[in-house]
Amino acid sequence: MAAIAVPTSNKRRRGGHGRLQLWHVFWIIVAVLYFVVPLYSLLQFSFEGSVNHHSAGFHWFLTVFDDPQFRSSFWLSVQIALETVLVSNLLLVPTAFWIHLKLPKLRPVMDFVSILPFVVPPIVLIVGLVPFLQPFTFIYSRPEVLPLIYVVFALPFLYRSLDAGLRAIDLKTLSEASANLGSSTLGTLVRVVLPNLRQSIISGSLLTVAIGMGEFTISSLLSFNTFPVYIFNIGQSQAYEAAALSVISLLLIWGIMIGLFLLGRGGRTSIALGATR
Amino acid sequence: MASVELQGLHKEFGNVVALDDLDLDVAAGEFVSLLGPSGCGKTTALRCVAGFEFPDSGEVLVDGKDVLGLPANKRNMGMVFQAYSLFPNMTAQQNVEFSMKIRRRPRSERSKRALELLELVGLSRQAERYPRQLSGGQQQRVALARALALEPAVLLLDEPLSALDAKVRVQLREEVRRIQLELGITTLYVTHDQEEALSVSDRVAVLSEGRIEQIGTPAEVYTHPKTSFVASFVGTVNRAEVTVLSASGKTVRWGPAVLKLETEAFAYHDGDAVTLYLRPEDVTLGLGRNGTIPSGGLFNGRVTSITFLGPVTRVSVRTEVGPVVADLSSAEALELSIDSEVSVDVAPGALRALAS
């Protein structure tokens, strides 16, 4: 008969368990404080100050909303973020599909390429890109150039998300089944692969939106007044408005992310975020 | 219904010859199984027919027309894959409707046909379920219904039951055969399971190293193997190296016994070494009574192992000519125990001799 291990002392076991719980709670509190305190400070600061001897309340928020530059810079960033999502997906979804289906030997190469944007600083990228883009004046002088650059920054996030999604499905069998049933390759991509990559595309796109909305270095260097550049400029002279802008920026990005996340959950597939089934 | 001809199909992957000038004719409405061990080329042959592999040379003719120039999506062949291949984002019904949707068939027609096919495979109640809500057997049934949706010229089945448990496998293979007979569809079935191939096929083609070793009805392949590979691969077999005593008399010497072979073709000469093949069910064992040595057999031996297999029991006997395996009815085998002394005899006409 197999021996059954019995705790020698319930008291000792409970004591040890309690001590562990305390450490768990301690580290959770430390982690929460680390993230929450700056956010709380930011929020509090955005409501501080006085106007005509009264508490500011939403005054700085209203001031910001009234500023036409706020609206133009914000919509510019939204537009750039959405264009980045569009261009990235148009470029990377078919690429990832083909690499997985027809050129699996290239996967390690793509894995390597996809982490390069992590190690190449934005300033290096822009220094290299400017001489290349300058001759194309029709695009270089327009903010539409930014999505073309941000695609590079989105590459690690979107490609890796797609890669995980494609690994989670039996792409070869599904593609062959689709072809056997009369579907073209494009039809297979649209009808079979994309619905099963929905969560991967959404999670990759969420991060791409965050990049498009928050990128500062390149838009500043190319002199486009995007939302982060506007926040930075305001912050140089108007601290309260800058705090209110940061709060608005955070809420908007969280809102977009939650919206996209819920959109993804509304799908009928059971593929979880991160594209694991 | 369409006939299928594979003519001189040759395919190499690097240095490996997957198909070695393979020829095969499948008549319209026929059910032919490609049977063989892993790597024998059976799946490659099927994939050449489906359009997922392209042979280095040779032709694939469907109703006399070469289809090698057509891509897979234009060949009008229904295929059921070894891996579960239902589209996870679609219900069972949507999966079955998929090919009809691509051909832009009206919604009502699609729906009617899909439900008919799901009824055919016994899954009309599961029409709204997603693949993740179906068992493996149910998924393969839906895959079969989906493959039949466009009334394909040929049905291709690539080891569709190999991922299922034994009981479901037996049920489903019988259903596949029932549906094939009902629809009269030409079917190519790839399997490594000999029982599966023998039980459902009109003809079985046994493949080895990219070539067809033998093709014939299940009974022909089982009872009259033409090569030692077929004899060994299909079913269990006793092998013995023997010498031809008299070619004209068709007699061979097996240890102390002289056996007469009841075979029509005996293309050997006196003194030739040949291999004798004998199925375990053609071996009979005699048990000595009251401790006496049994008599009347070809030779005597001692039981070394007894394996209960349900309706039959497999008994291994050590004899002076080597080990001999016999399949007895389980009731008969009850009288035996390890070390029982038995006489070994063979059924007349059961011996096959093939060149060594």
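Tabulated data for the structure shown
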read-out: Condition met for B:THR243 (part of a strand (DSSP E or B), among the polar types (S, T, N, Q) and surrounded by fewer than 19 Cβ atoms within 10 Å (Cβ to Cβ)); value: yes
read-out: Among (1) within 11 Å of another protein chain (Cβ to nearest Cβ); (2) surrounded by fewer than 19 Cβ atoms within 10 Å (Cβ to Cβ), the one test that B:GLU128 misses; value: (1)
read-out: Which listed residue is open to solvent by 30 Å² or more (accessible area, probe 1.4 Å), free of Cβ contacts under 8 Å to residues at least 40 places away in the same chain, within 14 Å of chain A (Cβ to nearest Cβ) and in a helix (DSSP H, G or I), from B:ARG113, B:ARG105; value: B:ARG113
read-out: Matching residues in the range A:69-98 - criterion: being within 23 Å of A:SER249 (Cα to Cα) and among the aromatic types (Phe, Trp, Tyr); value: A:PHE70, A:PHE74, A:TRP75
read-out: Complete set of residues in the range A:175-187 that are in contact (Cβ under 8 Å) with a residue 12 or more places away in the chain and more than 9 Å from chain B (Cβ to nearest Cβ); value: A:SER175
read-out: Selected residue [more than 20 Å from the chain's Cα centre (by Cα), aliphatic (A, V, I, L, M) and closer than 20 Å to A:LEU92 by Cβ] from A:VAL127, A:VAL145, A:VAL193; value: A:VAL193
read-out: Selection from the range A:74-94 of residues that are surrounded by 23 or more Cβ atoms within 10 Å (Cβ to Cβ) and of a type outside the set (A, V, I, L, M); value: A:SER77, A:THR84, A:SER88
read-out: Residue within the range A:115-130 that is in contact with an Asp or Glu (Cβ under 9 Å, 6 or more places away or on another chain) and under 30 Å from A:SER237 (Cβ atoms) present; value: yes
read-out: Counted residues, the range B:48-86 - those being touching a residue at least 60 places away in the same chain (Cβ under 8 Å) and under 21 Å from the mean Cα position of the chain (by Cα); value: 8
read-out: Any hit, the range A:218-231, residues being at pLDDT below 90 and either under 30 Å from B:ARG103 (Cβ atoms) or open to solvent by 60 Å² or more (accessible area, probe 1.4 Å) (or both); value: yes
read-out: Total residues in the range B:51-87, condition away from chain A (no Cβ under 14 Å) and either crowded, with 21+ Cβ neighbours inside 10 Å or in contact with a strand residue (DSSP E or B) (Cβ under 7 Å, 6 or more places away or on another chain) (or both); value: 10
read-out: Residue match in the range B:299-306 (condition: crowded, with 18+ Cβ neighbours inside 10 Å and either among the aliphatic types (A, V, I, L, M) or under 30 Å from B:GLU175 (Cβ atoms) (or both)); value: yes
read-out: Qualifying residue in the range B:89-97 (condition: touching a strand residue (DSSP E or B) at 6+ places or on another chain (Cβ under 6 Å), more than 8 Å from every other protein chain (Cβ to nearest Cβ) and closer than 24 Å to B:SER162 by Cβ); value: no
read-out: Criterion: surrounded by fewer than 16 Cβ atoms within 10 Å (Cβ to Cβ) and closer than 27 Å to A:ASP170 by Cβ - qualifying residue of A:LEU252, A:LEU263, A:LEU189, A:LEU207; value: A:LEU263
read-out: Within the range B:132-219, strands (runs of 3 or more DSSP E) holding 2 or more residues that are surrounded by fewer than 23 Cβ atoms within 10 Å (Cβ to Cβ); value: B:203-208, B:211-216
read-out: Filter pass, B:VAL344 being farther than 25 Å from B:HIS224 by Cα and either open to solvent by less than 80 Å² (accessible area, probe 1.4 Å) or modelled with pLDDT of 90 or more (or both); value: no
read-out: Residue among B:LEU144, B:LEU123, B:LEU157 that is at pLDDT 95 or above and either more than 12 Å from every other protein chain (Cβ to nearest Cβ) or farther than 23 Å from A:SER184 by Cβ (or both); value: B:LEU157
read-out: Flag for B:LEU276 being within 19 Å of B:THR223 (Cβ to Cβ), of a type in the set (A, V, I, L, M, F, W, C), touching a strand residue (DSSP E or B) at 6+ places or on another chain (Cβ under 6 Å) and in contact (Cβ under 8 Å) with a residue 24 or more places away in the chain; value: yes
read-out: The range A:102-160 - residue that is charged (D, E, K, R) and within 27 Å of A:THR185 (Cβ to Cβ) and, of those, most open to solvent (accessible area, probe 1.4 Å); value: A:LYS105
read-out: Residue that is farthest from the other protein chains (Cβ to nearest Cβ), among those in the range A:141-174 that are among the aliphatic types (A, V, I, L, M) and farther than 21 Å from A:SER203 by Cβ; value: A:VAL145
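The values are calculated or read from the model by the stated rules, or taken from the named source; none is laboratory data. Predicted, not measured: the structure shown is a model, and the values here were computed from it. Cβ: placed from backbone, ideal geometry, glycine included. Neighbour counts: every protein chain shown. Ligands, DNA and RNA are excluded from the accessible area calculation, which covers all protein heavy atoms including side chains. Shrake-Rupley method; radii C 1.70, N 1.55, O 1.52, S 1.80 Å.
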